[in-house]
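Some notes on the structure that comes next.
The values are calculated or read from the model by the stated rules, or taken from the named source; none is laboratory data. Remember, predicted model here, so these are calculated numbers, not experimental data. Glycine gets a Cβ as well: all are built from the backbone with ideal geometry, and neighbour counts include every protein chain shown. Quick note on the areas: whole protein, heavy atoms, side chains included, nothing else; ligands and nucleic acids left out. Shrake-Rupley method; radii C 1.70, N 1.55, O 1.52, S 1.80 Å.
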Amino acid sequence: LPCPTPCSLAQPVTPELLVSPSSQDGDLGSECPEDRGNWTGRLDFLLSCIGYCVGLGNVWRFPYRAYTNGGGAFLVPYFIMLAICGIPIFFMELSLGQFSSLGPLAVWKISPLFKGVGMGTILIVSLVAIYYNMIIAYVLFYLFASLTSDLPWQHCGNWWNTDLCLDHHVIKAGNTTFPINITNTVSPSEEYWSRYVLHIQGSSGIGDPGRIRWNLCLCLLLSWTIVYLCILKGVKSSGKVVYFTATFPYLILVMLLIRGVTLEGAWKGIRFYLTPQFDHLLSSKVWIEAALQIFYSLGVGFGGLLTFASYNTFHQNIYRDTFIVTLGNAITSILAGFAIFSVLGYMSQELGVPVNQVAKAGPGLAFVVYPQAMTMLPLSPFWSFLFFFMLLTLGLDSQFAFMETIVTAVTDEFPYYLRPKKASFSAVICIALFLMGLILTTEGGMYWLVLLDDYSAGFGLMVVVITTCLVVTRVYGMKRFCRDIHMMLGFKPGPYFRACWTVLSPATMMALLVYNIIKYQPSEYGSYRFPIWAEVLGILMGVLSCLMIPVGMVVAVLREEGTLWERVQQASRPTMDWGPSLEENRTGMYVASLAGSQSPKPLMVHMRKYGGITSYENTAIEVDREMEEEEEEESM
């Protein structure tokens with residue numbers, strides 16, 4: 001509901017403050033943060049987080065990473081890395097968002113000196129949103145192409161096919177006693193993808209994009225339209241859509257899994273996927289790959305988790321939700337591996353080639369290998385449609401999170417101007433990102449997509465996460481952060497979380513960052529090698545998000561007064577209005593920062609105002625007592 005009176009009339013404040021001050025007589029002032037909206041259902045938040053984390057990477061990256069890094073043995077470093085840097089950072093992001101009810105930019109009231117971290121996050125998310133929606137556009141293209149009695153990538157002989165095209169039906173009709181060398185041939189599905197969908201032969205490289213593929217352009221427009229309609233009313237609309245987009249993929253995944261394991265030769269693929277090779281565990285590469293998979297699969301650092309948590313009620317049990325989402329995400333990845341490799345095993349038997357010759361990762365799996373496998377099944381258009389519909393729902397709820405993050409971050413910075421026009425502002429963002437993504441719909445668009453995929457969320461994202469960890473634990477203070485969680489949830493994080501936040505998680509992220517820099521390899525797409533200028537452009541994309549941090553520091557320091565050191569100290573402290581957004585949740589030390597509260601015992605003011613003492617007020621009394629004891633110890 002709109003504020004009954006303009007918030008600026010209650011008391012003169014700077015426009016960016018989200019918390020309206022209390023009126024002069026101490027009564028509850030108009031609560032502008034309510035305009036932000038909240039989740040309307042009990043499961044909205046949980047399903048949104050599951051939908052955000054369980055995305056395309058679970059289907060097309062995890063199974064391939066598992067089999068190339070020791071099969072079943074890969075699960076050992078995978079779950080260890082989940083415990084060391086997955087679960088703790090996930091919980092930290094949710095805690096920051098829920099405690100402050102602020103987006104990824106405004107949340108840096110916790111330490112304005114580091115607001116550039118939020119700016120870097122928004123830049124990364126914007127770049128990812130551009131190319132991620134292009135992948136959804138490809139999925140839509142294949143989804144429509146599946147609405148036929150005969151899949152268009154089933155046979156050779158179409159205008160886009162070349163002499164190298166080899167139909168698997170021809171192989172099956174011939175003698176399959178000896179393995180056939182298919183290295184110098186191309187499958188119909190591969191030529192359909194590269195020569196028809198992408199029409200990549202019309203481009204000589206990244207510097208020659210060629211013409212716009214209008215069918216892809218229309219698919220991209222449709223995908224942006226779907227995304228806009230779903231985020232039109234913020235979390236109130238997207239929170240309802242995820243009831244379908246977060247749950248339906250599981251139904252399709254189970255159907256594909258049952259169909260897969262009943263196919264002849266499925267055991268070959270599953271054995272290939274899960275056979276443990278424990279000697280791989282001695283390689284540092286395997287541990288790094290496990291950490292990378294956790295890092296990108298959970299979506300930490302992108303601001304999506306923080307944004308979703310900011311729409312929670314203050315006492316929502318995010319501790320429980322953290323374990324549900326992170327473990328559910330891991331189990332989904334493992335299940336997807338069974339569904340993918342059972343079909344690849346059947347495919348390898350049909351073609352008479354080893355499984356490793358048909359196994360691929362990324363778009364190659366989704367748009368070449370799996371569609372080819374579908375053509376070998378009875379009712380192939382039905383299974384193809386199901387597979388691409390699953391990819392569509394997996395991709396959409398991740399895209400909802402990216403868009404909600406961008407919109408929330410900016411509207412929280414300018415709540416008085418943009419929040420009433422959130423729908424219009426969302427439309428402007430969607431149109432802008434659609435126009436920026438038009439280069440991806442050209443004949444050479446895949447080269448640009450690979451460049452964005454390789455560099456937009458690489459080392460820049462790791463720098464953002466490492467900085468966030470260090471600021472919360474070192475600048476804001478681990479003790480104070482644990483107190484905030486205690487006040488919010490009724491208990492303090494245990495030694496496991498404190499050890500991870502302080503040492504283990506930042507150390508693991510630093511190792512990832514160093515490994516990525518040392519093992520840097522130029523981008524490539526098939527046999528195409530990117531020119532030097534494209535590499536430099538990619539590196540600049542990553543560096544730009546990191547540069548936001550020092551830029552933000554300079555701006556924050558210039559806004560303060562005094563000597564340089566005094567300015568840095570002032571800018572690193574939380575702002576006066578940092579804390580819970582609603583007055584009834586500002587217990588303990590945070591009541592003192594509300595206008596109109598002059599009592600030396602601010603909790604008493606709070607209790608007189610709202611009446612009674614709840615279990616959470618008891619927690620606040622404990623926190624106050626702890627702080628008093630610490631102050632006495634320091635004075636002695």
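Remark: the Gln570-Leu547 segment gains 6.1 nm on full extension, using 0.36 nm per residue and subtracting the alpha carbon distance. For the stretch 412-566, with all protein chains in place and a probe radius of 1.4 Å, 72% of the accessible heavy-atom surface sits on carbon or sulfur. For the stretch 462-558, applying the loop criterion from DSSP together with a ceiling of 14 other beta carbons within 10 Å to the trypsin sites (Lys or Arg not before Pro) yields Lys519. When both the stretch 431-486 and the stretch 498-565 are represented by their alpha-carbon centers, they are found 10 Å apart. The mean accessible area for residues of the stretch 91-140, using a 1.4 Å probe and ignoring ligands and nucleic acids, is 12 Å² per residue.
Normalised per residue, the accessible area of the stretch 399-536 is 40 Å², obtained with a 1.4 Å probe and no contribution from ligands, DNA or RNA. In a reduced charge model with +1 at each Lys and Arg Cβ and -1 at each Asp and Glu Cβ, the chain shows a dipole moment near 1000 debye about its Cα centre. Here Cα extents along the principal axes in Å was computed from the coordinates, and among (i) 75, 65, 48; (ii) 109, 64, 49; (iii) 90, 49, 45 the match is (iii).
For the peptides 322-328, 108-114, 93-99, 408-414, the ranking by packing is 93-99, 108-114, 408-414, 322-328, with the highest mean count of neighbouring Cβ atoms within 10 Å listed first. Rolling a 1.4 Å probe over the protein heavy atoms of the stretch 264-371, with every protein chain left in place, gives an accessible area that is 66 percent carbon and sulfur. The residues of the stretch 215-284 have, on average, 52 Å² of accessible surface per residue, using a 1.4 Å probe with all protein chains present. Projecting the Cα positions of Ser505, Gly120, Ile80 onto the charge dipole of the chain (unit charges on Cβ atoms of Lys, Arg, Asp and Glu, taken about the Cα centre) puts Ile80 furthest along the positive direction.
Working note: 222 nm ellipticity from helices only, DSSP H runs with n ≥ 4, each -39,500 (n - 2.57), summed and divided by the residues of the chain, gives -18500 deg cm²/dmol to the nearest 500.
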